[in-house]
Every structure is written in C-alpha cells, then in structure tokens.
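Chemist: Here it is, the structure, as structure tokens.
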Amino acid sequence: MKQVFHISGMTCQGCVASVKDKLSKVEGVNTVEIDLEKAEAQIDMKTIVDVSNLKAVLPDKYGITNVGEVNIDSHFDENDIEKSKLQQLKPLLLIFAYLFVASFLLNFKEWSTKEAMLDFMGLFYIVFSFFKFLDLKGFPDSFRMYDPLAKVLPIYGWIYPFLELTLGLLLLMRLQITTALIITIVILGITTFGVIRTLLDKKKIRCACLGTALKLPMTEATFIENSIMLIMAFSMLLVYI
C-alpha cells in the first residue's frame, strides 16, 4: 500500500537523504521515494502507519502531513494565516527597509535619484549574496527548484552568489555600470519567470533569495522584490545608454 505525504522544510538533497533515511526506519515502512520539487514523499507501507509515527522520527525543522490535509489548527482564521505569512516575510521586509534607508542616507546631502538607485541595487546584491554564502553548498539545490537556468545548468546555481557579489561591487564602485545593468536584467528576468510559474502552479517551495539560512516561503513578495530590481535596472539602463 502506498501513500503520499507533503514534507515541509526540505531545501536541498541533503534534506532529502536525511528525511528518507529516517522515514525508512519506521516500523511498517517498506520504501520511501521523495520528490524535492513537489515537497512530497511516496511511502510504500506493509501496514497503515499513522502520520504521528512518521512525524516523531523527523527533526523539528520538517513537517509531514497527508496530502490534502491542512497543517494548521482548525480555530485559525484567515487573519491568522496572513499574519503567519507576514511573520515569515519579516526578514525580507526588514532588509528592504534597511537598504532603502541606507541608499537615502548615502545621498541625502547632495540628492541624486540615479545615484541612490545604483547604491540600492549594489547594496541589494552585496547583502543577498552574503546570505547565500552562509550555505553555499545548500543554495544551488534550493535555487534550481524554481530558476529555469539553474534547472538546466546546475553549475549556474554555484556561480550565482559570486555573480551577485560581483554585480554589487561593480554598481557600488561605478564600474562597467551598463554591463552590470544588462546582466541584472537577464538573470533576474530568468528568475522572475521561474517565480511567476511557481506562483501560478501554487507550489509550496522555499525561496532561495536569502539562501537557506532563513526559511523564506515563495510568495508574491518574491515577485515584487525581483520586479523592483528589474524596474530600477531598466530605468538606469536608459540613462546610461
């Protein structure tokens, strides 16, 4: 008998191996097959195994529910769910607030919108690459779950944090600005396409924009984040062409 379960908290192949190993040791389980992209586990059982027994062997970072079940208490209302989403996005919102303030402070004495936008974009890349470097090994697996190029070319996921760091330095140092802006439009355009497709498919996966150090869900905020950078890049490109 086979049953399908939703597994939350998996971000890389290391997570897949760990979850598979622990679930395979549960009494009554024959085999376990895990799909990281779908965040699902197909378990072949000798007898019916209660989901509580499966949950008991997994570390706290992972959640497991039968497909179709809702993993929230019945007394939660829509406001509670929305509040939870906002709480999850708090790190991203705080980072954006700090970047806007920093860009403003760097230019408020002799205000220049153009310079402030370049500073924002440069700081954006530096900060976001930092979080990716915190778990450079785990980032590529999470990134390729939604980035089309990373799916086709796995090495791109390894290169991406270094690419972000380089672009950030170029923009802050005002070097090769046109080239940096064109690359920004290309790479963020590809990623945004993947984000849109993921949102339309209603897949519940983790956003890798802040690496794997922070548990950030893929939501509309991810699309907005990329859109802001793309709009700035297009605007700046028109100035420098």
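The values are calculated or read from the model by the stated rules, or taken from the named source; none is laboratory data. Predicted model, so just to flag it, every value in this text is computed and none were measured. For neighbour counting, all protein chains shown are included, and Cβ atoms are generated from backbone atoms with ideal geometry for every residue, glycine included. When the accessible area is computed, the model is the full protein with side chains, heavy atoms only, and any ligands, DNA or RNA have been set aside. Shrake-Rupley method; radii C 1.70, N 1.55, O 1.52, S 1.80 Å.
Chemist: Suppose we keep only residues that are without any contact (Cβ under 8 Å) to a residue 40 or more places away in the chain and either open to solvent by 80 Å² or more (accessible area, probe 1.4 Å) or outside any helix (DSSP H, G or I) (or both) within region 90-107. Which one would you say is nearest to Leu171 (Cα to Cα)? Steps first, please.
Modeler: Start the filter on region 90-107 by keeping residues that are without any contact (Cβ under 8 Å) to a residue 40 or more places away in the chain, which leaves 90, 94, 97-107.
Checking which are either open to solvent by 80 Å² or more (accessible area, probe 1.4 Å) or outside any helix (DSSP H, G or I) (or both) leaves us with 90, 94, 98, 100-101, 104-106.
Working: Lys90: 26, Leu94: 22, Tyr98: 18, Phe100: 16, Val101: 18, Phe104: 16, Leu105: 17, Leu106: 14 Å.
My answer is Leu106.
Chemist: Search region 45-60 for residues that are under 14 Å from Val4 (Cβ atoms) and pair each with any residue that is surrounded by 10 or more Cβ atoms within 10 Å (Cβ to Cβ) and among the basic types (Lys, Arg) when their beta-carbon atoms are under 8 Å apart and the residues are at least 6 apart or on different chains.
Modeler: That search, which allows pairs on different chains as well, returns Met45/Lys2.
Chemist: Taking the conditions exactly as written (in a helix (DSSP H, G or I) and out of contact with any Lys or Arg (no Cβ under 9 Å at 6 or more places or on another chain)), does Ala116 satisfy them or not? Full working, then the answer.
Modeler: Details: in a helix (DSSP H, G or I): yes; out of contact with any Lys or Arg (no Cβ under 9 Å at 6 or more places or on another chain): yes.
Yes; evaluated as a whole, the condition is true for this residue.
Chemist: Of everything in region 6-60 that's assigned to a helix (DSSP H, G or I) and of a type in the set (Lys, Arg), which residue is surrounded by the fewest Cβ atoms within 10 Å (Cβ to Cβ)?
Modeler: We begin by selecting, within region 6-60, every residue assigned to a helix (DSSP H, G or I); these are 13-24, 51-57.
Still in the list and also of a type in the set (Lys, Arg): 20, 22, 55.
Details: Lys20: 17, Lys22: 16, Lys55: 14.
Checked region 6-60; the qualifying residue surrounded by the fewest Cβ atoms within 10 Å (Cβ to Cβ) is Lys55.
Chemist: Considering only region 25-56, how many residues are under 30 Å from the mean Cα position of the chain (by Cα) and among the polar types (S, T, N, Q)?
Modeler: Taking region 25-56 first, the residues under 30 Å from the mean Cα position of the chain (by Cα) are 31-43, 51-56.
Checking which are among the polar types (S, T, N, Q) leaves us with 31, 42, 52-53.
So the answer is 4.
Chemist: I'd like to check which helices (runs of 4 or more DSSP H) are fully inside region 133-200 and have at least 2 residues that are β-branched (Val, Ile, Thr). I'd like the intermediate steps shown before the answer.
Modeler: Working: elements: 139-143, 148-152, 155-172, 177-200.
Passing ranges, in order: 155-172, 177-200.
Chemist: Of everything in region 126-181 that's free of Cβ contacts under 8 Å to residues at least 60 places away in the same chain and β-branched (Val, Ile, Thr), which residue is most open to solvent (accessible area, probe 1.4 Å)?
Modeler: This residue is Val152.
Chemist: Another one. Is there any pair with a first residue in region 108-125 that is hydroxyl-bearing (Ser, Thr, Tyr) and a second that is modelled with pLDDT of 95 or more and open to solvent by 10 Å² or more (accessible area, probe 1.4 Å) whose Cβ atoms are under 7 Å apart and which are 6 or more apart or on different chains, and what are they?
Modeler: Pairs that qualify, where the first residue is hydroxyl-bearing (Ser, Thr, Tyr) and the partner is modelled with pLDDT of 95 or more and open to solvent by 10 Å² or more (accessible area, probe 1.4 Å), are Tyr125/Leu165.
Chemist: Among (1) part of a helix (DSSP H, G or I); (2) modelled with pLDDT under 85, which single condition is His75 missing?
Modeler: Result: His75 passes all but (1).
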